[in-house]
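Below is one structure, written out as structure tokens, with a few remarks after it.
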Amino acid sequence: MKFASIITKLDILSGASKSHSESWSHLDFTGEYNSRLSKNFFGELYDMFSFCGIESAIGFQIDGEKVDKSEFTEELYDGCVWGVHINKLVWLDLLDENDIAHTFFYDINSFVNWIKNSSPFDEDYPLNKHHFHIIVNGLQNSFGGPNFIVNNSDSINKNQIKNYFFPTSNIIETSIRITCNSEYIIAPLKHIVTNGCVDNVSQFFFRNAIKVLLASIGNEITKEKRIAIKGYRCIVEEIGGDTFDINILYNYHQNLLDVVKWIYESEETCTLKKKLFVERISLDLVTRTSLFDGLYPILLDASSQAKEQYSYVIYDRKDDYQKELKEILKDIKNVTDLLSLKIRNILGNLLRDVLAALILIGITLFSKVQEIENLSENQLICYVFRAFGIYFVGSVILQSIFDYIDIKRSIKELDYWKNVTRSYITSARFDEYKKQTIGKRFKNMIPFYLVIVLLYIVISIGCFNYLSVMETVLPPFSDENKEPLELYDKQKQDSINANIEYSNDTII
């Protein structure tokens with residue numbers, strides 16, 4: 001976006017106006033028209049915005065009423081009050097190929113007032129949204145950081161906005177308990193200043209960066225948006241920064257930046273480092289003052305002692321870390337073995353239930369082959385198989401419920417002991433171990449478990465539909481098959497009677 005040529009035109013407009021006002025979102029000029037200002041000038045100004053593709057950003061007024069551009073120059077008359085309104089929001093989302101948004105401030109004093117009254121913690125604060133290049137008319141010294149550049153020309157060094165090593169906002173915000181109702185953004189990378197010096201303009205950018213860095217070392221943001229430091233003492237202070245000594249800003253910013261980078265350079269160690277640092281400053285902070293004013297005098301000494309103490313602690317923690325890791329892996333192995341055991345148990349129970357049913361049916365029902373037809377006719381065998389069906393359904397439901405409870409309880413107990421005793425392994429590392437072991441084993445368990453449950457259901461359905469299954473698998477008894485059996489029984493009975501009579505005759 002080329003704003004230098006627009007600013008040149010605005011210089012002429014400013015000279016002819018009586019007043020102007022500017023903020024981040026708009027720029028307004030108001031004046032009384034006379035022949036010294038050519039009517040064609042307004043057309044040229046509009047064409048300049050049109051050339052940049054932002055013609056919708058400019059509007060015109062005469063005597064307080066909006067007028068279309070084509071009618072504006074025709075309706076101007078000596079003594080009328082004209083107005084030019086520029087909506088700066090129109091181009092803020094027009095990012096270039098480097099994802100940088102470009103905007104400008106015509107009046108440097110308006111720019112200073114805007115940044116002075118801004119809060120870097122607000123969700124709507126512009127620097128929390130994009131990379132920005134801000135052109136400030138009349139700016140003497142350029143400055144910027146990984147997220148923004150402030151200068152007085154269209155040209156920028158793209159290397160100024162680059163990948164800068166700094167912890168992500170997610171790591172920082174997850175280590176801080178934010179209890180205030182409104183959105184509270186803690187993103188130091190978007191505000192720190194890495195290029196330029198402190199002067200009457202840049203001082204408020206340095207101040208905002210220090211405020212965000214101070215919030216990064218806190219343990220909690222209270223409902224009143226105060227910062228709580230929980231070390232050996234619990235200190236709750238306003239963040240401050242409304243008044244400050246400009247001479248200390250640069251060193252304050254650099255020293256605090258080094259501390260925050262040291263604390264959050266590794267997600268695995270940030271909890272310990274932060275604990276050591278806040279414990280140190282909680283002893284030395286002077287209460288009844290803002291954190292902005294109270295931390296600077298003790299910052300270097302506190303950070304030096306925290307780093308020294310960390311070196312001793314981390315040396316002693318190596319052996320403990322290995323022990324804790326071994327215990328965690330052992331606990332994880334127990335849970336994974338539990339998952340495998342559940343598969344084997346439900347499969348063994350299925351085979352046991354089916355085998356028991358077959359044995360019971362074979363011994364008690366089919367021992368008397370001649371009574372099978374009677375059992376079928378009086379529906380007794382159907383009731384028996386329905387009872388088996390109910391048993392199978394109840395068995396699989398109860399097994400599934402108790403297996404689910406056992407697995408869930410085991411995983412909860414693992415997480416509980418992780419929170420209570422695992423002070424040497426980060427939550428992220430533990431979750432990774434858990435995902436690569438229990439997670440994979442659980443995914444493998446589910447299909448096998450479902451197959452066995454499905455077998456239970458199929459067997460249960462077969463039991464409930466015993467007659468239909470038997471009629472499909474075995475041919476029914478017919479009268480042709482029944483008659484030879486009855487004839488055989490009659491002949492056998494006649495033979496027995498004849499033998500009895502012969503025996504009686506012989507005895508007589």
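Things to note:
- Within region 19-44, tally of residues that are among the aliphatic types (A, V, I, L, M) and closer than 19 Å to GLU65 by Cβ: 0
- Single unsatisfied condition, PRO167 versus (1) more than 26 Å from the chain's Cα centre (by Cα); (2) within 19 Å of ILE210 (Cα to Cα); (3) not small (Gly, Ala, Ser): (1)
- Region 55-65: number of residues that are assigned to a loop (DSSP other than H, G, I, E, B) and touching a strand residue (DSSP E or B) at 6+ places or on another chain (Cβ under 6 Å): 1
- The helices (runs of 4 or more DSSP H) located wholly in region 349-434 that include 1 or more residues which are modelled with pLDDT of 70 or more occupy 380-421, 427-434.
- Screening the candidates GLY83, GLY79 for the property of being more than 24 Å from GLY144 (Cβ to Cβ), modelled with pLDDT under 90, among the small types (Gly, Ala, Ser) and outside any helix (DSSP H, G or I) yields one hit, GLY79.
- In the condition set (1) touching a strand residue (DSSP E or B) at 6+ places or on another chain (Cβ under 9 Å); (2) farther than 23 Å from SER202 by Cβ, ASN157 is compliant with all but (2).
Here's the yes/no breakdown for (1) out of contact with any Leu (no Cβ under 6 Å at 6 or more places or on another chain); (2) surrounded by fewer than 17 Cβ atoms within 10 Å (Cβ to Cβ); (3) closer than 30 Å to LYS9 by Cα:
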{"position": "ASP96", "(1), (2), (3)": "yes, yes, yes"}
{"position": "VAL136", "(1), (2), (3)": "yes, no, yes"}
{"position": "LEU139", "(1), (2), (3)": "yes, no, yes"}
{"position": "PHE165", "(1), (2), (3)": "yes, yes, no"}
{"position": "THR168", "(1), (2), (3)": "yes, yes, no"}
{"position": "THR174", "(1), (2), (3)": "yes, yes, no"}
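Every residue, every condition in (1) open to solvent by less than 50 Å² (accessible area, probe 1.4 Å); (2) under 24 Å from THR8 (Cα atoms); (3) in contact with a Ser or Thr (Cβ under 8 Å, 6 or more places away or on another chain); (4) free of Cβ contacts under 8 Å to residues at least 60 places away in the same chain, yes or no:
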{"position": "GLY64", "(1), (2), (3), (4)": "no, no, no, yes"}
{"position": "PHE72", "(1), (2), (3), (4)": "yes, yes, no, yes"}
{"position": "TRP82", "(1), (2), (3), (4)": "yes, yes, yes, yes"}
{"position": "LEU89", "(1), (2), (3), (4)": "no, yes, yes, no"}
{"position": "ASP93", "(1), (2), (3), (4)": "no, yes, no, yes"}
{"position": "ALA101", "(1), (2), (3), (4)": "yes, yes, no, yes"}
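- Within region 186-234, the set of residues being crowded, with 19+ Cβ neighbours inside 10 Å, out of contact with any Phe, Trp or Tyr (no Cβ under 9 Å at 6 or more places or on another chain), of a type in the set (A, V, I, L, M) and over 21 Å from ASN117 (Cα atoms) comprises ILE229 only.
- Residue in region 481-502 that is modelled with pLDDT of 75 or more and open to solvent by 80 Å² or more (accessible area, probe 1.4 Å) present: no
- Test: residue in region 163-183 that is at pLDDT 90 or above and farther than 25 Å from SER290 by Cβ: no
- Taken over region 269-289, residues that are of a type outside the set (Val, Ile, Thr) and open to solvent by 80 Å² or more (accessible area, probe 1.4 Å) amount to 3.
One line per residue, one yes/no per condition, for (1) out of contact with any strand residue (DSSP E or B) (no Cβ under 8 Å at 6 or more places or on another chain); (2) farther than 24 Å from VAL212 by Cα:
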{"position": "VAL67", "(1), (2)": "no, yes"}
{"position": "GLU75", "(1), (2)": "no, yes"}
{"position": "ASN113", "(1), (2)": "yes, no"}
{"position": "PHE121", "(1), (2)": "yes, no"}
{"position": "ILE134", "(1), (2)": "no, no"}
{"position": "ASN137", "(1), (2)": "no, yes"}
{"position": "PRO146", "(1), (2)": "yes, no"}
{"position": "VAL150", "(1), (2)": "no, no"}
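- Enumeration of residues in region 211-227 that are of a type outside the set (Lys, Arg) and either closer than 15 Å to ASP293 by Cα or assigned to a loop (DSSP other than H, G, I, E, B) (or both): VAL212, LEU213, LEU214, ALA215, ILE217, GLY218, ASN219, THR222, GLU224, ILE227
- Against the conditions (1) part of a loop (DSSP other than H, G, I, E, B); (2) at pLDDT 90 or above; (3) of a type in the set (D, E, K, R), LYS2 satisfies every one except (2).
- Residues being modelled with pLDDT of 90 or more and open to solvent by 50 Å² or more (accessible area, probe 1.4 Å) - total across region 13-25: 4
- The number of residues in region 26-54 being open to solvent by 30 Å² or more (accessible area, probe 1.4 Å), assigned to a helix (DSSP H, G or I) and under 17 Å from ILE7 (Cβ atoms) comes to 6.
- Considering only residues in region 243-281 that are assigned to a loop (DSSP other than H, G, I, E, B) and without any contact (Cβ under 8 Å) to a residue 40 or more places away in the chain, the one that is farthest from LYS307 (Cα to Cα) turns out to be THR243.
The values are calculated or read from the model by the stated rules, or taken from the named source; none is laboratory data. None of these values were measured; they are calculated from a predicted model. Note that we place each Cβ from the backbone using ideal geometry, even for glycine, and neighbour counts take in every protein chain shown. Ligands, DNA and RNA are stripped out before the accessible areas are found, and what is left, the full protein with its side chains, is counted by its heavy atoms. Shrake-Rupley method; radii C 1.70, N 1.55, O 1.52, S 1.80 Å.
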